[in-house]
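Below: the structure, in structure tokens.
The values are calculated or read from the model by the stated rules, or taken from the named source; none is laboratory data. It should be emphasised that the depicted structure is a prediction, and the values quoted were computed from it without experimental measurement. Here Cβ is always computed from backbone atoms with ideal geometry, including for glycine, and neighbour counts include all displayed protein chains. Surface accessibility is based on the protein's heavy atoms, side chains included, excluding ligands, DNA and RNA. Shrake-Rupley method; radii C 1.70, N 1.55, O 1.52, S 1.80 Å.
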Amino acid sequence: MGIVVNQSIKNTVITYIGFGVGAINVIFLYTQFLSEAYFGLITFILSTANILMPLMAFGVHNTIVKFYSSFKTRQSQNSFLTLMLVLPLAVVIPAGIVTHFGYDYIANWLSKKNSIIKDYTWLIYVCAVMFAYFEVFYAWSRVQMQSVFGNFMKEVFHRVCIMVLLLLLHYKYLSVDQLIYSIVLVYILRTLIMKLYAFSLRLPVLKLVKIPNLKSVLKYSALIIIAGSVANIVLEIDKFMLGQFEAITNVAYYGVAIYIAAVIGVPSRAMHLITHPITAKLLNDKDKIGLNILYQKSSINLFIISGFIFLCIIININQLYLLIPDNYSEGFMVVLIIGLAKLSDSLTGNNNAILFNSDYYRMVLVFGVMLAILTVLLNYMFIPSFGLNGAAYASGIIIVLYNMVKLLFVYSKFKIQPFTISTLKTLVLIVVFGVALYFWEFSFNPILNIVLKTIILITAYGVSVYKFNLSEDISVIVKRFIP
């Protein structure tokens, strides 16, 4: 268990560092050094590639993690890993052939609204393949109980490289065209490094013998293709569809707003590393009381922390937009809507861990497919009428609806729910501080304004959470620093 805790802490720190570097890139460097059209183009390419990634990977990255430990002999492990390396090619090669011979048709379709996309369409395929095989090699290293280096490559490496590239662009060592191709090369390099690291842990022995439970492996991979595709459609389809209905500049505005709001979800990602194995153990032990306690504790802790981050963003958003080009302020409503949706995510606590470690995973997949279809329909309805705000309306509705469905499903099957009286008190706290501090502006430099308002919020919010004892866990941590 020591190695799990140790790597979980390291991975949490790496995740935050990666998000911080990414925030500097997206909010400041891209917006200052690159035109809105080209920023929108890069966002479109990477988002579309992410949508295709689960299909290109053939679900292998999850299949490795699930089945590797079930193979006890060296020979069966080698055969299994060989299959995992080859299986994605069943999609990658046909997709490459289709892309090659149907390139003009695909490029013309994708660039109907924005002609700038046409010449770069083939990069979507390259990025999708690189994203897929990166996840395969990352999973390869994780089953060898080594996740820290892979997480660094996943969260930090490419962001630092892109930061360097943007600085080179600014100082005119790169053209915009060279920047785009260099970003793709970064993802290729990241995959190659991950491959070398994974193979240094366990060198593949390319040998195929009969795999005992091959049918189960293939069935699970197919299921995970759907699950991964659903998740990525819900996360990325808005940017793709914006590029089909709106000017590519709107994709840039939307991308910045989404990244700002996404900061609210970072604590949830970090906590998942810790709560996931604990939840699995409680379910295996049929400890319903312990499961309910963890459910409620994870919910209130996330709600308090995410609520604080939400407030930091909302009360400072106007000043933040003064630090970047004016047009990006069009994303304000996107930040608010997606921020509220992310806040609803935090209320669900370890809900996902409960569902994905229970016997009801397939039912959740059904819900996911239905919501992915609804996501496409809502974007199709809202984007032509409301532009980038329409994409936010669609995503916000879907996130909240999906959370409600999962909460109700867990309650119906386990008779547990995450809310307590502290949930209501925290909600009141967030509303009061949000309204009070949003309209309170100092007549100072925007950066100084942000610093002062944040200090006031930290003090007032922190004291309130402690005095009202909204979370036992947070109160215990605070008491360590109070004599």
For Ile27, state whether it is surrounded by fewer than 17 Cβ atoms within 10 Å (Cβ to Cβ) and of a type in the set (Val, Ile, Thr).
no
Just checking, does segment 330-352 include any residue being touching a residue at least 12 places away in the same chain (Cβ under 8 Å), open to solvent by 30 Å² or more (accessible area, probe 1.4 Å), of a type outside the set (A, V, I, L, M, F, W, C) and more than 20 Å from Arg269 (Cα to Cα)?
yes
Among helices (runs of 4 or more DSSP H) lying entirely in segment 376-483, which contain 2 or more residues that are surrounded by 12 or more Cβ atoms within 10 Å (Cβ to Cβ) and modelled with pLDDT of 90 or more?
388-414, 421-438, 446-467
Within segment 140-187, of all residues that are over 26 Å from His61 (Cβ atoms) and β-branched (Val, Ile, Thr), the one surrounded by the most Cβ atoms within 10 Å (Cβ to Cβ) is Ile180
Name the single residue, out of those in segment 87-124 being hydrophobic (A, V, I, L, M, F, W, C) and touching a residue at least 60 places away in the same chain (Cβ under 8 Å), that is most open to solvent (accessible area, probe 1.4 Å).
Ile116
Out of everything in segment 9-18 that is of a type in the set (A, V, I, L, M, F, W, C) and touching a Phe, Trp or Tyr at 6+ places or on another chain (Cβ under 9 Å), what residue ends up being least open to solvent (accessible area, probe 1.4 Å)?
Ile14
Would you tally the residues in segment 159-185 being more than 17 Å from Glu36 (Cα to Cα), in a helix (DSSP H, G or I) and of a type in the set (D, E, K, R)?
1
Consider Ile300 carefully, then state whether it is in contact with a Gly (Cβ under 9 Å, 6 or more places away or on another chain), in contact (Cβ under 8 Å) with a residue 24 or more places away in the chain, within 30 Å of Phe33 (Cβ to Cβ) and open to solvent by 10 Å² or more (accessible area, probe 1.4 Å).
no
Look at Ile45 and say whether it is within 24 Å of the chain's Cα centre (by Cα), at pLDDT 85 or above, among the β-branched types (Val, Ile, Thr) and crowded, with 20+ Cβ neighbours inside 10 Å.
yes
Taking Asn11 as the residue in question, decide whether it is under 17 Å from the mean Cα position of the chain (by Cα) and either among the acidic types (Asp, Glu) or modelled with pLDDT under 90 (or both).
yes
Inside segment 127-151, the number of residues satisfying the requirement of being more than 24 Å from Leu83 (Cβ to Cβ) and either touching a His at 6+ places or on another chain (Cβ under 6 Å) or modelled with pLDDT of 90 or more (or both) is 1
Picking from Glu236, Glu246, which residue would you name as being over 18 Å from the mean Cα position of the chain (by Cα), buried (at least 17 other Cβ atoms within 10 Å of the Cβ) and charged (D, E, K, R)?
Glu246
Quick check on Asn78: is it polar (S, T, N, Q), within 15 Å of Thr191 (Cα to Cα) and at pLDDT below 90?
no
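Rundown of residues vs (1) small (Gly, Ala, Ser); (2) over 29 Å from Asn445 (Cα atoms); (3) at pLDDT 90 or above; (4) open to solvent by 10 Å² or more (accessible area, probe 1.4 Å), yes/no style:
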residue: Met271; (1), (2), (3), (4): no, yes, no, yes
residue: Ala280; (1), (2), (3), (4): yes, yes, no, yes
residue: Asp285; (1), (2), (3), (4): no, yes, no, yes
residue: Ile289; (1), (2), (3), (4): no, yes, yes, yes
residue: Ile313; (1), (2), (3), (4): no, no, yes, yes
residue: Gln319; (1), (2), (3), (4): no, no, yes, yes
